[in-house]
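The structure under discussion appears below in the form of C-alpha cells.
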Amino acid sequence: MVLPIQLRRVIHATLGGLVLFQSIVDAASSSQPASSSFSVKDGSGQLSFAINVPDDSNDIFFHMSAPSDSQWAAVGAGGGMTGALMFVIYPAKSDSSNVTLSPRIGRGHFMPTFAPSIDIEVLDGTSISDDVWTVNAKCSNCRNWNGGSLDVTSKTQPWIYAVGPSGSMASDSQEANIQQHQFFGHFTLDMVAATGKSGVPGGGTSSASPSSSTSTSPSKTSKTSTASPTSGGKGSHSGDDNNSGNYSSGPITSPPHWGIVAHAVLMSLAFVIFFPFGILCLRAFGKVRLHWIAQAFSTMVLIAGFGLGIYISKKGSMFNKFNAPHQIIGLIVFGCCILQIPFGTVHHMIFKRTRKSTAMGLLHRWNGRIFLTLGFINGIVGLNWAGDNRQIIPYAVVGGVLAIMLAAAIIFTERRNKRKGNYQAQRQSSVSHERHGSSDDNVRLTDLGDHSSPERKIRV
C-alpha cells in the first residue's frame, strides 16, 4: 500500500526529529564526567560521595555532601583509618554559608592529622544550603600519599566514611580538633568506571538506604544496587558486577563526656601532683609515715581514675577491645602501681630489722620511676587520643616544671645531707681525736707524776 505523500513527510520529519533528539542527548551525555558514587542515610540526612578520575592527568575530582546537623563528616581512601587519606568537612567560621575542607591522614584510633602536603583546591558549588554541606574539589596529588595510595585500576577500591557527633562546630582552620565520630562505615568503589572525561562528578544517589552507584560509562547507563543497613555488621551489594562490593556501617556508642573528663582529671592529679608529693615527703623531708599516707591516697586516686577508664572503654564500642596504645600503657602502669605496695612494704619490714638496703627497696625505687614516667607520658597519649591536643602543651609544661622542681629538691636535699654527714663525721673524728690526745697526755702526766713522787720524797 502506498502511503499518501503528506503522511510520509510527517513520518520522515518525526524520525528525523527523533534522530536529532538522540544526537543531542548523546552529545550532552558524552560531556558528563565519568564517575563512581556512594551514598548512605545518616540520621536526618544523607552522606554522599562521588569521584572522577581523569584519563588525561593525575588529578582527581570529587563531590561530597552531608547533613549539617553533625559537627563534621569525612570520607577517606583506604580500608581502615590507619594510613587513610581523609577528606574532612565542617562549617567555616568566617562565612556561615561555606565549609572548610581539611585533607588528613588517619592514624588508627587517634584523631587524623592535617596533611599540608596534599594539594587540594575547593571549586565552585561548595556551600551550605538547605541544611546540607556541599563540597566540590580537585586534588592534584591524591593518588599517592605518605602511608597509602589510590588504586585507580581497581574495581573494588576500599573507602571509609564517618560522621561526627551532633552539635555545632565552626572553624576556618584545617587543623581544627574534631570529636570522635558517632557513625562510621566502609565501602568500595569501581575506579575503572570513574575513569574518563575529567570534571566534578554528580552527587550520590537519592536512595534512602546505604547504596552504591557506579556509572558504567560516562555517557549512557548507570547501575545502582542497594542493601539494608546493618548495625556494625556487613551487607553485600547484589546485582551487576560493576557495582561496588561490600560495605559495613552502623552507629557507635560513645562514652559519656563526664567520664572522659573525670578520668583525665584524676589521672593528671595522681601523676603530676600527688605521687611526686609523696616522693618529696620521703626523699626531701625524710618523713616515712607521711610518704606512706601520701602514696596510699595517690594510689586510691589512681584506682578511681583507672576504674573510670575501664568504664568509658566498655561504653565506647570502638574502645572495648582494649587494644589502643593509651589503654595498653594504662594497664601496664596500673600493674606497676599495684606492685609498689608489696615492694615497699617488704623493704620497710626488712630495713627496720637490718638497717641495710634491700633488693625489694631497689625494685620499689626503679618500679616507681618507671611507672611514674609511663603514667605521665600516657597522659599525653590519652589527650591526643581524645583529640584534645590543646591541653597537651599545658599538661606537659606543668608536669615538666614540677618534675624539674622535684628533682632539684631531692638533689639539693641529698647534697645537703651528704655535706652535713661529712661535717658531722669530721667533727666526731676531731672530737674523738681530741679526747684520745687528752687521755694520752693524762697518761703521760700520771706516769711522770708516779715516777717523780719517789724523787720528791727522797728530796724531802
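A short reminder: the numbers here are calculations on the coordinates, not readings from a lab. Fair warning: this is a prediction, and the values are worked out from it, not measured in the lab. Counting neighbours? That spans all protein chains shown, and the Cβs are built from the backbone with ideal geometry, glycine included.
Miscellaneous remarks
- Of the cross-linked pairs Lys93/Lys197; Lys138/Lys321; Lys41/Lys321; Lys138/Lys314, those separated by over 32 Å at the C-alpha level are Lys93/Lys197; Lys138/Lys321; Lys138/Lys314.
- Shape class for region 29-114, computed from the alpha carbon gyration tensor (a ≥ b ≥ c): oblate, with a/c not under 1.5 and a/b at or below b/c.
- Fewest-first ordering of Lys138, Lys41, Lys420 by other beta carbons within 10 Å of each residue's beta carbon gives Lys420, Lys41, Lys138.
- Straightening the chain between Val398 and Asp95 buys 105.4 nm, computed as 0.36 nm per residue apart minus the Cα-Cα spacing.
- Ranked Leu372, Leu85, Leu339, criterion: other C-beta atoms within 10 Å, fewest first: Leu339, Leu372, Leu85
- Relative to the current alpha-carbon distance between Ser357 and His257, full extension at 0.36 nm per residue lengthens the span by 31.3 nm.
- Per-residue Cβ neighbour counts within 10 Å put Asp388, Asp190 in the sequence Asp388, Asp190, beginning with the fewest.
- Mean Cβ neighbour count within 10 Å, used as a protection proxy, ranking 269-282, 358-371 highest first: 269-282, 358-371
- Tensor-based shape of region 257-418 (alpha-carbon gyration tensor, a/c under 1.5 rounded, otherwise prolate or oblate): prolate
- Region 257-418 - percent relative contact order, Cα under 8 Å, separation 6 or more: 28 percent
- Relative to the 2.2 N^0.38 Å rule of thumb, region 70-210 has a C-alpha radius of gyration ratio of 1.02.
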